[in-house]
Amino acid sequence: MTGSRLRLKQLTGWFAAGWEVSHALSLLSDGAFKLFMWICLNADRGLGAIRVDPHEVARVLGKTEAEIRAHLQDLFQAEIVQPMADGAIQIADRYWPYERAPTDQQEEELATFISQLKRAFLERRCVQSAFTAADERIATELFHCRRIHHGCRTRDSPGVASEVRCTNQQRPRDTHYQLALLRRTLR
């Protein structure tokens, strides 16, 4: 079997079970984990969310409605799922292996962030370049990092200058230089 490629028997209906599922397994009771897996298998892949009718889920899983409600409470308590404003539940990011589809508001926030960053980047006298697709990718990554850390500003890491001084000499357009500019701009 060495060197042979693995292929799925069924191309649809499967769920990526990685460390997220493994971690949930160590936290939950058997019944709560079974419910978690049912939620994962049936949730919208783009959102990681689903509306749960305890009566229907109890029927499908062979449990009582009271057991399903108790297991749901366990999932909420372990912060594996969270309630949504529309009454659905959403699997927490650290337990959802898929990238979520951005909402319209998130896409608008990203576009605004990139636009502001581009303007701040290009107005520096020491930058004699265009805002390239690579710059936009870095800006997008920075935007997502800021969202993950709840809006906390990125701190300088060792080896990356906290301030970039403009000189007449050409600067290399490497990632460390660009990130140093971005960090200074965000302060």
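Just so you know, all these numbers are worked out from the coordinates, no wet-lab data involved. All values reported here derive from a predicted model rather than from experimental measurement. Please note: Cβ atoms are built from the backbone with ideal geometry, for glycine as well, and neighbour counts cover all protein chains shown.
In this structure, Ala88 and Ala130 have a Cβ-Cβ separation that, at R0 = 41 Å, corresponds to a calculated FRET efficiency of about 0.45. Straight-distance candidates among the lysines for linking to Lys63, with alpha-carbon spacing under 20 Å and chain neighbours fewer than 8 residues away dropped: Lys34. For segment 61-121, GluC sites (Glu not before Pro) are listed when DSSP marks them as loop and at most 11 other Cβ atoms sit within 10 Å of their Cβ; the list is Glu79, Glu99.
One chain, two ends: Thr64 and Gln116. Fully extended at 0.36 nm per residue, the span grows by 13.4 nm beyond their Cα-Cα distance.
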